[in-house]
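Trainee: Here it is: the structure, laid out below.
The values are calculated or read from the model by the stated rules, or taken from the named source; none is laboratory data. Just so it is clear, the structure is predicted and the values come from calculations on it, not from any experiment. Neighbour counts are summed over all protein chains in view; Cβ atoms, including those assigned to glycine, are modelled from backbone coordinates with ideal geometry.
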Amino acid sequence: MEKERKQNILKAAEKRFSRHGLNKTTLNEIARDLRIGKATIYHYFTTKEDLFFQTIEWEIDLYLEELKVVFSNEQYSLKEQLVEYFNLKASAYSKYKLLYEILFCSMKEEVSEKEALLVKVLFDKETEFIKQYIPGKKEQQNETAYILVLRSWGEMFSYKIKAATDPEKILGKENLIKYIESYNF
């Protein structure tokens, strides 16, 4: 029951924070959305900022769980798993709005120290996870995994730009497979 209550608070906070941001969201609004008292939120989170950062951490965990599903699908070849990995990134904007926002803000160097640390945690965990699936020597696995993580997030942002400016030229699965094959797995 405790874990479920905390999850519900995180979900409600995610909706509020992604719509209105940290500064324009109040704990009263989140409590009202859940029909609970503000004191209940304070039972799980010390401050609004604590709730905000734990909500981002929760999104990171959800994203990494989805990543595990992609790479644990043994019916797909590594290339097909990588295509699904890139597709997961392309959906990050709508699925993980707070995570997307801190990544976007970090590119503009407009993040707090805590947000920058969360971006580093995400990149480190994702790189560590991806390198398990990369064939080759350990040094090559580390480098390739890190490059894939960086490139895939870059592709996610470029996908959004392409969709907004020229939907006709969005990178399709066939082109994505050719792109991934250039890595010679």
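Trainee: Do we find that E84 is at pLDDT below 95 and either in a helix (DSSP H, G or I) or not assigned by TED's automatic domain parsing to the domain that holds Y133 (or both) in this structure?
Mentor: Yes, satisfied.
Trainee: Mind checking which residues of the stretch 20-49 are of a type in the set (F, W, Y) and assigned to a helix (DSSP H, G or I)?
Mentor: If the condition is that a residue be of a type in the set (F, W, Y) and assigned to a helix (DSSP H, G or I), then Y42, Y44 are the ones that fit.
Trainee: Which pairs do you get when a residue that is under 15 Å from K3 (Cα atoms), found in the stretch 31-60, comes within reach of a residue that is acidic (D, E), reach meaning Cβ atoms under 8 angstrom, with the pair 6+ apart or on two chains?
Mentor: Between residues of the stretch 31-60 that are under 15 Å from K3 (Cα atoms) and residues that are acidic (D, E), the close pairs are T55/E14; W58/E14.
Trainee: Continuing with the same structure: Filter the stretch 44-64 for residues that are under 25 Å from S91 (Cβ atoms) and of a type in the set (F, W, Y); which is surrounded by the most Cβ atoms within 10 Å (Cβ to Cβ)?
Mentor: Here the residue is F52.
Trainee: Got at least one residue in the stretch 32-43 being closer than 26 Å to L122 by Cα, more than 19 Å from the chain's Cα centre (by Cα), outside the structural domain of K125 (by TED's automatic domain parsing) and surrounded by fewer than 16 Cβ atoms within 10 Å (Cβ to Cβ)?
Mentor: Within the stretch 32-43, not a single residue is closer than 26 Å to L122 by Cα, more than 19 Å from the chain's Cα centre (by Cα), outside the structural domain of K125 (by TED's automatic domain parsing) and surrounded by fewer than 16 Cβ atoms within 10 Å (Cβ to Cβ).
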